[in-house]
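Let me begin by presenting the structure, written as structure tokens, before commenting on it.
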Amino acid sequence: MESIVASASSQIDDTRHENVPRRGPPGVFVIFGGGGDLTHRLLVPALYNLASAGLLDSHFSIIVVDRADVSADDLRQSFHESLENFVTSRGTEAVSLHDDVWTRLSSSIDYVRGSFEDAATYDTLAGKIGSQNCIFYLAVAARFFGTIVDQLGVSGLAKESGKVFRRVIIEKPFGSDLASAIALNERLLRTLDESQIYRIDHYLGKETVQNILALRFSNGFFEPLWNRDNIDHVQITAAETVGVEQRARFYESTGAVRDMVPNHVMQLLAMTAMEAPISFDADAVRDEKTKVLKAIHTVQHHDVVRGQYAAGSIKEQPVVGYRDEPGVDPHSHTETYVAMKLMIDNWRWAGVPFYVRTGKRLAARKTEIAVHFKSAPYALFRDTPVDRLTPNIMLLHIQPTEGVTLQFSAKIPGPTVHLGGVRMKFDYSEWFHEGPSTGYETLLYDCMIGDATLFQRADNIEAGWRVVQPVLEWMHAPAGLDFYAAGSEGPKAADDLLARDHRHWLKIGS
Ligand code: BG6
């Protein structure tokens, strides 16, 4: 495949101008479970990056709530150590820390030691917060979500008054099936108004995921083609090379379907398939996302492949199979891979399959959306040496690199008509000069300024679970698990799923 790189030509409108957002409001950022991994790896580095970019108010402070017997100084020290590792540019290049920014931010960190169930913890917090704006970040195991929000209600901490806001950010997993997600929503809504709840899906913090809407709706030439008349099918891939890592306990009862599909994969699908919202107002966008998820047909058993990785190799290093990972049941039927064919029942997409797949220990780390267009009519080339036309594909790359590639046919130079597939690529990092980012900055900042567009509303969450609910119900039966070698493209049954429709997956590995 030859390649044409879309150069940063000065002849077209240069969009690399500075986009300067306003400073967030004053207030307190309370992190429940602040001693944990998420806080060290993502939250504190993201807050530091926001502070470096001048986006935190001078009256912004952090309170960490946890059970560990540590001092605020110990905590500041351990945050500083993790900052050195996690403040990176697009997750790769190291960036040197600004001591003045860290000194200012760390001096605002306070620690409350207490149990999440204990009313006294919330009394102490209330004394420290007073009448300031407050964001409560629940970086805790899912079983504490309901308890903490109940306690915020009882203590009066959830109550907003005048312009003073109280918001709660909730991490995934939001429920473990449709019924538990509905029950959790009901429980939270007994204390909070929907407008106070910010349910995080970290995929929505990724620049290219946000860019899907910009790309579709701010360009005249995509949207007219974005429908069943022109699109043959769509493939959504979220492939990882990592295995279960140290999360066997969580993963054994979760598996790939629950872990990735109702949330991340459904967000990618909704962004790709939704109708244009009437504005970029949070509710207008979320209305359209929910509508398209609700339009997905009930998934059929024969349209789902569940797989589990067996031993294999990743980057030429041997790795064990899932069942031999520490903490995993040697007879486990937990899936580490899932592929599904989904059909959307509306005017735009009737008859266009959306094939989605996600898995661990695959050939490469790659998240992308491939929009396959229908082939041009072949008739014109009948009497030429051309024997097939390269399909037009638009690839939205989400990770590891962020960008967009268009694949189309071009004539190979020479006296006879031979066609070759070429690729035109837009690479985010080449075009834009981005600051250091963990992927959480936009989400935290949006919550501070009260913009919920990138967060999931109760109905979005429930619509995602509704899609996978039939799969969760069949999963109790041990049958129907296909094995694949670690480092491969996934189970053969997933290839058969597309072969049945005379299609094939794009390769994950190079
Ligand atoms: C998390 C899942 O939500 O997303 C993990 O729990 C998965 O199992 C991760 O590895 C993938 O996120 P990313 O941003 O690395 O694609």
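Points to keep in mind about this one:
- Here the simple spin-label model places points 7 Å from the Cα toward Cβ, and for residue 160 and residue 73 these points are separated by 4.0 nm.
- Cα gyration tensor shape of the stretch 393-510, rounded if a/c is under 1.5, else prolate or oblate by comparing a/b with b/c: oblate
- The chain - percent of accessible surface contributed by carbon and sulfur, probe 1.4 Å: 52
- Anisotropy class of the stretch 105-174 from Cα gyration tensor, a/c 1.5 cut: rounded
- The phi torsions of the stretch 208-223, fed into the Karplus equation with coefficients 6.51, -1.76 and 1.60 and a -60° offset, translate into couplings of 6, 5, 4, 5, 4, 5, 4, 4, 5, 9, 10, 10, x, 9, 8, 4 Hz, rounded to whole numbers, with Gly and Pro shown as x.
- Rounded tilt (10° steps) of 458-474 against the dominant C-alpha axis of the chain: 60
- Sparsely packed GluC sites (Glu not before Pro) within the stretch 313-373, loop by DSSP, other Cβ within 10 Å at most 15: 316
- Placing +1 on each Lys and Arg Cβ and -1 on each Asp and Glu Cβ, with no other charges, gives the chain a dipole about its Cα centre of roughly 880 debye.
- Helix 178-191 axis, angle to the chain major axis (alpha carbon atoms, nearest 10°): 40
- Between residue 431 and residue 315, the simple label model (points 7 Å from Cα in the Cβ direction) yields a spacing of 3.0 nm.
- Under the combined filter of DSSP loop state and at most 14 neighbouring Cβ atoms within 10 Å, the stretch 380-482 retains these GluC sites (Glu not before Pro): 434.
- Diagonalising the gyration tensor over the Cα atoms of the stretch 112-262 and scaling each eigenvalue by 5 before taking the square root yields semi-axes of 36, 22, 14 Å, largest first.
- Take residue 440: with every protein chain present and a 1.4 Å probe, its accessible area is about 10 Å².
- Whole-number accessible area per residue in Å² for the stretch 139-181, which is evaluated in the context of all protein chains at 1.4 Å: 41
- Cα gyration tensor, the chain - rounded (a/c under 1.5), prolate or oblate: prolate
- Remark: the residue 96-residue 84 segment gains 3.5 nm on full extension, using 0.36 nm per residue and subtracting the alpha carbon distance.
- Nearest-20 debye value, the stretch 118-258 charge dipole, Cβ charges on Lys, Arg, Asp, Glu: 360
- Within the shell of other residues whose beta carbon sits under 15 angstrom from the beta carbon of residue 328, the net charge comes to -2, with Lys and Arg scored +1 and Asp and Glu -1.
- Surface exposure of the stretch 279-368, expressed per residue as accessible area with a 1.4 Å probe, stands at 44 Å².
- Value of [θ]222 nm, deg cm²/dmol, for the chain, DSSP H segments ≥ 4, -39500 (n - 2.57) each, nearest 500: -8500 deg cm²/dmol
- Multiplying the residue separation of residue 347 and residue 451 by 0.36 nm and removing their Cα-Cα distance gives an extension gain of 34.4 nm.
- Förster radius 30 Å - calculated FRET efficiency between residue 182 and residue 501, Cβ distance, rounded to 0.05: 0.35
- Net charge of neighbours whose Cβ lies under 13 Å from the Cβ of residue 244, counting Lys and Arg as +1 and Asp and Glu as -1: -3
- Helix 119-129 vs. the chain, principal-axis angle (Cα, 0 to 90°, nearest 10): 90
- Accessible area in square angstrom per residue, the stretch 182-240, 1.4 angstrom probe: 38
- Among the chymotrypsin sites (Phe, Trp or Tyr not before Pro) within the stretch 241-281, those in coil by DSSP and having at most 16 neighbouring Cβ atoms inside 10 Å are 280.
- Our summary gives the stretch 170-244 a relative contact order of 22 percent, counting only alpha carbon pairs under 8 angstrom and 6 or more residues apart.
- Selection from 244, 439, 36, by position along the positive dipole direction of the chain (Cβ): 244
- Local electrostatic count at residue 417 - Lys and Arg +1, Asp and Glu -1, tallied over other residues with Cβ under 14 Å: +1
- Across 373, 426, 354, the residue with the most accessible area heads the list, and the full order at a 1.4 Å probe is 426, 373, 354.
- Residues of the stretch 210-241 falling in the label zone of residue 284, defined by backbone nitrogen less than 16 Å from a point 7 Å along Cα to beta-carbon, are 213-219.
- DSSP bridge orientation in the chain - percent antiparallel, rounded to nearest 5: 55
The values are calculated or read from the model by the stated rules, or taken from the named source; none is laboratory data. Remember, it's a predicted structure, so these values are computed and weren't measured experimentally. Neighbour counts are summed over all protein chains in view; Cβ atoms, including those assigned to glycine, are modelled from backbone coordinates with ideal geometry. When the accessible area is computed, the model is the full protein with side chains, heavy atoms only, and any ligands, DNA or RNA have been set aside. Shrake-Rupley method; radii C 1.70, N 1.55, O 1.52, S 1.80 Å.
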